[in-house]
Amino acid sequence: MKIAVIGAGAIGGLVGARLALAGEDVTFIVRGANLDAIATNGFRLISADGEEQVARNVKATDRYDQAGPQDIVVLAMKAHQVEAVTNEVPKLFGPETVVVTMQNGIPYWYFQKHGGPLEGTTVRSVDPHGVVAARVPAARVIGCVVYPASELVAPGVVKHIEGDRFPVGELDGTSSERVLRVAACFGRAGFKAPVLDNIRAEIWLKLWGNLTFNPISSLSHSTLVDICQYPPSRELAAAMMREAQSVAHKLGIEFRVSLDKRIAGAEKVGKHKTSMLQDVEAGRAPEIDALVGAVIELARLTETPTPHIDTVYSLVKLLARTMEDQRGRVRLHEMA
């Protein structure tokens, strides 16, 4: 299959490299150092056990029209980066092209094919001008939840840390021929891609932890185990999760694990820095609105109070603005 992967970061690189190694016709849509590295050397994938493979059969370009129509387009950048590319994405579309969205948090298409009184509502936190939904229409979308952890260690080089699950699903819950094709394609690349009849419930399950541990860690500069084992921060996380659960319940979502089990799962990960903490330390814009702001937006739509989430959101947004204004990063340094 012809597959375009937009973005060659930790997840896009992992997905594109594995698909190419499985024999798919993969084109990375990238810029800068990544473009040069992939075009010259292919894409190098370092597995969790240290084995290295190079996908030399990949293509790389920064021109969408040069790539041409695709069977699958993998949208593999952070939610706040998507709007910037939406003018170009349609150049990859043929009559049957599907778009697999791999953003964390509440997706822009959440209320498309949703049913009920909120059907068709635009999630402004992640699509403030409505242009993403207009240019990447829900009719083309296959939802996807990303569970693997990986790291872009150099341009064109990704290290896979752990995990291989990419659950997928149609927005209306049907088991269509096209979603089965996507699942089979991912399966050939060694991923587990079960077809779900409620992709939104799976999105909430992952988001449940992300919306709490990511901002708390970025504000406190603490790892998951630190947050979970310090009673005040553990209770703050639990309070935020209870508020989010109330929002989800009003939207018809049931969680298949308990709150305590979800926190225990985060604790078992150990001394892991969340992606938001890594962004703050590196001086990158943290992914706040898709993970936290969108939950607040959905809370307002469902008239659900979220005082703990609101407070943490305001603090982490202020941190991000301060970093942007001062063009800085925030890190802890050992004292001599």
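The values are calculated or read from the model by the stated rules, or taken from the named source; none is laboratory data. This is a predicted model, so every value here is computed, not measured. Because the Cβ atoms are built from the backbone with ideal geometry, glycine has one as well, and the counts that use them run over all protein chains shown.
The single condition from (1) touching a residue at least 24 places away in the same chain (Cβ under 8 Å); (2) of a type in the set (S, T, N, Q); (3) more than 19 Å from residue 121 (Cβ to Cβ); (4) surrounded by fewer than 21 Cβ atoms within 10 Å (Cβ to Cβ) that residue 311 fails is (1). Taken over the range 41-57, the criterion of being free of Cβ contacts under 8 Å to residues at least 60 places away in the same chain and of a type in the set (D, E, K, R) is satisfied by 49, 51, 52, 56. Taken over the range 172-200, the residue count meeting the criterion of being touching a Lys or Arg at 6+ places or on another chain (Cβ under 9 Å) and more than 22 Å from residue 110 (Cα to Cα) is 5. The single residue among 26, 5, 15 that is hydrophobic (A, V, I, L, M, F, W, C), closer than 27 Å to residue 181 by Cα and not in a strand (DSSP E or B) turns out to be 15.
The requirement of being among the small types (Gly, Ala, Ser), in contact with a strand residue (DSSP E or B) (Cβ under 9 Å, 6 or more places away or on another chain) and at pLDDT 95 or above is satisfied by residue 55. In the set 273, 261, only one residue is closer than 18 Å to residue 227 by Cα, surrounded by fewer than 20 Cβ atoms within 10 Å (Cβ to Cβ) and in contact (Cβ under 8 Å) with a residue 12 or more places away in the chain; that residue is 273.
Out of the range 321-334, which residues are closer than 20 Å to residue 273 by Cβ, in a loop (DSSP other than H, G, I, E, B) and of a type outside the set (Asp, Glu)? Passing the criteria: 328, 329, 330, 331, 332, 333.
Pairs are defined by a Cβ separation below 8 Å, a sequence spacing of at least 6 or placement on different chains, a first member in the range 281-305 that is closer than 20 Å to residue 246 by Cβ, and a second member that is modelled with pLDDT under 95 and of a type in the set (Lys, Arg); the pairs so defined are 290/78. The set of residues from the range 4-26 being surrounded by fewer than 24 Cβ atoms within 10 Å (Cβ to Cβ) and either over 17 Å from residue 148 (Cβ atoms) or of a type in the set (Gly, Ala, Ser) (or both) comprises 9, 10, 22, 23, 24, 25. None of 156, 169, 163, 143 is surrounded by fewer than 21 Cβ atoms within 10 Å (Cβ to Cβ) and either more than 16 Å from residue 109 (Cα to Cα) or small (Gly, Ala, Ser) (or both) except 163.
Every condition in (1) at pLDDT below 90; (2) in the same structural domain as residue 229 (by TED's automatic domain parsing) holds for residue 276 except the one numbered (1).
Here 32, 42, 50, 23 are screened, and the one residue that is more than 27 Å from residue 289 (Cα to Cα), assigned by TED's automatic domain parsing to the domain that holds residue 6 and at pLDDT below 95 is 50. Among residues of the range 16-40 that are at positive phi, those with a beta-carbon under 8 Å from a residue that is surrounded by fewer than 24 Cβ atoms within 10 Å (Cβ to Cβ) and of a type in the set (Lys, Arg) at least six positions away or on a different chain give the pairs 23/188.
The condition of being closer than 18 Å to residue 132 by Cβ, of a type in the set (Gly, Ala, Ser) and without any contact (Cβ under 8 Å) to a residue 60 or more places away in the chain holds for only one of 60, 79, 84, that being 84. Here residue 150 fulfils each of the conditions (1) buried (at least 23 other Cβ atoms within 10 Å of the Cβ); (2) polar (S, T, N, Q); (3) assigned to a helix (DSSP H, G or I) apart from (3).
Of all residues in the range 242-266, which are in a loop (DSSP other than H, G, I, E, B) and either among the aliphatic types (A, V, I, L, M) or in contact with a strand residue (DSSP E or B) (Cβ under 7 Å, 6 or more places away or on another chain) (or both)? 251, 253, 257 - these are the residues of the range 242-266 that are in a loop (DSSP other than H, G, I, E, B) and either among the aliphatic types (A, V, I, L, M) or in contact with a strand residue (DSSP E or B) (Cβ under 7 Å, 6 or more places away or on another chain) (or both).
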